[in-house]
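The values are calculated or read from the model by the stated rules, or taken from the named source; none is laboratory data. These figures come from a predicted structure and were not determined experimentally. Cβ placement follows ideal geometry from the backbone for every residue including glycine, while neighbour counts extend to all protein chains displayed. Ligands, DNA and RNA are stripped out before the accessible areas are found, and what is left, the full protein with its side chains, is counted by its heavy atoms. Shrake-Rupley method; radii C 1.70, N 1.55, O 1.52, S 1.80 Å.
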Amino acid sequence: MQSIYLDHAATTPLDKRVLAAMLPFFTQTFGNPSSFHTPGLRAKEALAAARKSCATILNAHADEIVFTSGGTEADNLALMGVTRMATLYSLPSTLSHPHIIASAVEHPAVLEPLAALEKSGAIELTLLPVDKFGRVAPDDLVHALRPDTILVSIMYANNEIGTIEPIAEIGRLLLKWRKTHDTPYPYFHSDACQAAGALALDVEKSHVDLLALNGGKIYGPKGVGCLFVRRGLKLEPLVYGGGQERNLRSGTENVPGIVGFATALELVQAEKERENKRLTVLRDRLIQGLLKIPKTRLNGHPTERLPNNVNVSFMDIEGEAAVLYLDALGIFASTGSACASQTLDPSHVILATGMSYEAAHGSIRFTLGHGTKKTDIDYVLKVMPGIIEKLRHMSPVNLDMKYFR
Amino acid sequence: MKNPTLEPDILNRAGDNGWFYSDTVKDHFFNPRNFMRDESAYADAAMGMVGSPACGDAMKVWIRVDPATERIIDCKWKTFGCGSAIASTSMLSVMATENGGLTLDAARHLRPQDVTARLGGLPARKIHCSVLGDKALRAAVNDWYRRAGQLEKVEAEAGRVVDALTQVTDQDIEHAVLDGADTLEKLQAKLKVGIGNPACLPEVEQLLRFYTEKYFGKQ
């Protein structure tokens, strides 16, 4: 049976060139970078080269890159690290519950640590609403800012609906706000895990102070990522120990993983223009084809979206059932339906765009990647109408499109 | 409950928790039995509906009954829902009509656990997808009695309905608490109460507290 993998936003396969770059570091150059002997030195050199390479891509300094176990840890380190440092050391005691702003469509790796901080009484949290395309309005953000706001966290691009957030504009506004209020706060964090494979990551242009990246979404290894931490910004670590990564992330460095991550980042960034062009054509072909099916709606922005993301809601059906039928045909996609989540609520992202519960339950996400060919898209378009028709035939629901803006 | 020899069908969108469907579930999902193809031909049949697409599952069940024996001779359905929900309703229709058909009284006593057991089990977090079919069947039984003019045999769902979408009653909540649901999340995993209808949640939480204190003392 064929295998059409269209879930690259969940994770990507490892690029063979990345694997080749990693292999020597498992059995040959296996030393601990902290050791004072030749094998240790070789590992240390590889680590430094990887750090330099990541820094170059981000237009940052090597000492601003902290390697982590992935995007989730990078996000947690940024959010918890800033909060704990601010409350423990920098803020006057009158500001014991500082304020943090994030968008309502952030990944759980951002929302959950913030919810935990809020629950423990450490912070006050404001979640910014988004428009019907999933975008934050920079003006809303400025209105939400307070003298005690220590951190703003807005993702670069959304993992579910692919919408690209205006982070450069937000970054500029925050710079201005800090200048007029003569304060180092708020810092600006952005989760760029989904964006890293397609968008430019120059931190001088986006004015972010913290940026989270992940290997498993960019044809690199899983379990490794990094956090950009702007010089001068102080964080309290999550993991204490031997003081690796400038004391911010103790534990012997995952050298093969870090080498693989840096190689993957180099490759996707070097090849992104050509690949984006190719994927955008395929993406739009799939979107247009799917929207020909009656009672459908595109989730996310029509143009300001990742080149590989297609997210469509099909009215009157439930997404998981469609994903199972697709799976049986060798097409692997995902859904924002509640049935596919731990909670019983459907996608918080699609709900935040103002769509009804009904529409959120019927959403299906296809995320394209290096291996996706035009014939794959055409096959999906060939089988999808039949699957939707069968499920609608089985469904007692026949909702008016007015519930389906 | 889970069959470890089966291959996982699908991963959730967070990508961290696979689940297993039994072969029976897969069979009923891909080859659903007795699903309603032509509603117009069943305009005269008794019908029951429960759930709503907002809460993720909606089920509609039609039955034809032999008036002499009060046995179900035909059972058709439509379901909006995931793989488990579709397979559960399909199995429910088989159980309602096999071996000469259930009597209306037996149909009223069919429990979601009975359907789940016949399906070879469902993953724990998918149980909630199967809890509406039996209610739809009971509603159809009531409709049959209503149409037959035997109004004295129409039985309201026991207890008072708290969530109109899912027809969850205070008694359902009491039973769920006795079954170990001590948080709103656990209650919702069992009953789907309030999903898509958050307006009823304050009352649900109050009942949850009431029954928890009644049976397990103040926390």
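Tabulated data for the structure shown
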| quantity | calculated |
| --- | --- |
| Answer from A:Leu14, A:Leu47 - the residue that is hydrophobic (A, V, I, L, M, F, W, C) and not in a loop (DSSP other than H, G, I, E, B) | A:Leu47 |
| Output for the range A:241-261, where each listed residue is in a helix (DSSP H, G or I) and touching a strand residue (DSSP E or B) at 6+ places or on another chain (Cβ under 9 Å) | A:Gly257, A:Ile258, A:Phe261 |
| All positions within the range B:57-84 that are open to solvent by 20 Å² or more (accessible area, probe 1.4 Å) and either closer than 18 Å to B:Pro112 by Cβ or within 14 Å of another protein chain (Cβ to nearest Cβ) (or both) | B:Lys60, B:Lys76, B:Lys78 |
| Given (1) more than 19 Å from A:Ala21 (Cβ to Cβ); (2) buried (at least 24 other Cβ atoms within 10 Å of the Cβ), number of the condition A:Ala264 does not satisfy | (1) |
| Within the range A:317-388, helices (runs of 4 or more DSSP H) holding 2 or more residues that are within 22 Å of B:Ala85 (Cα to Cα) and at the interface with another protein chain (Cβ under 10 Å from one of its Cβ atoms) | A:319-328, A:357-361 |
| Count of the range A:84-122 residues which are among the β-branched types (Val, Ile, Thr) and either at pLDDT below 95 or out of contact with any strand residue (DSSP E or B) (no Cβ under 8 Å at 6 or more places or on another chain) (or both) | 2 |
| Residue within the range A:26-34 that is open to solvent by less than 30 Å² (accessible area, probe 1.4 Å) and of a type in the set (Gly, Ala, Ser) present | yes |
| Count - residues of the range B:188-219 that are among the aromatic types (Phe, Trp, Tyr) and in contact with a helix residue (DSSP H, G or I) (Cβ under 7 Å, 6 or more places away or on another chain) | 2 |
| Residue tally, condition over 30 Å from A:Ala200 (Cα atoms) and assigned to a helix (DSSP H, G or I), over the range A:24-44 | 7 |
| Members of the range B:132-164 that are among the aliphatic types (A, V, I, L, M) and either without any contact (Cβ under 8 Å) to a residue 40 or more places away in the chain or open to solvent by less than 20 Å² (accessible area, probe 1.4 Å) (or both) | B:Leu132, B:Ala136, B:Leu137, B:Ala140, B:Val141, B:Leu151, B:Val154, B:Ala156, B:Ala158, B:Val161, B:Val162, B:Ala164 |
| Residues being surrounded by fewer than 24 Cβ atoms within 10 Å (Cβ to Cβ) and in contact with a Pro (Cβ under 6 Å, 6 or more places away or on another chain) - total across the range A:204-250 | 1 |
| When residues of the range B:19-42 are limited to those that are outside any loop (DSSP other than H, G, I, E, B) and within 11 Å of chain A (Cβ to nearest Cβ), the one modelled with the lowest pLDDT | B:Trp19 |
| Index of the failed condition, B:Pro53 passing every other in (1) under 18 Å from A:Glu320 (Cβ atoms); (2) open to solvent by less than 10 Å² (accessible area, probe 1.4 Å) | (2) |
| Conditions (1) touching a helix residue (DSSP H, G or I) at 6+ places or on another chain (Cβ under 6 Å); (2) under 19 Å from B:Glu213 (Cβ atoms); (3) at pLDDT 85 or above; number of the one not met by B:Glu185 | (1) |
| Test result for A:Glu253, among the acidic types (Asp, Glu), farther than 22 Å from A:Leu381 by Cα and surrounded by fewer than 20 Cβ atoms within 10 Å (Cβ to Cβ) | no |
| Top-ranked residue of the range B:173-219 - restricted to ones that are assigned to a loop (DSSP other than H, G, I, E, B) and within 14 Å of another protein chain (Cβ to nearest Cβ), ranked as surrounded by the most Cβ atoms within 10 Å (Cβ to Cβ) | B:Val193 |
| The range B:193-206, residues that are at pLDDT below 85 and either among the aliphatic types (A, V, I, L, M) or within 17 Å of the chain's Cα centre (by Cα) (or both) | B:Ile195, B:Gly196 |
| Residue match in the range B:58-78 (condition: modelled with pLDDT under 85 and in contact with a Lys or Arg (Cβ under 9 Å, 6 or more places away or on another chain)) | no |
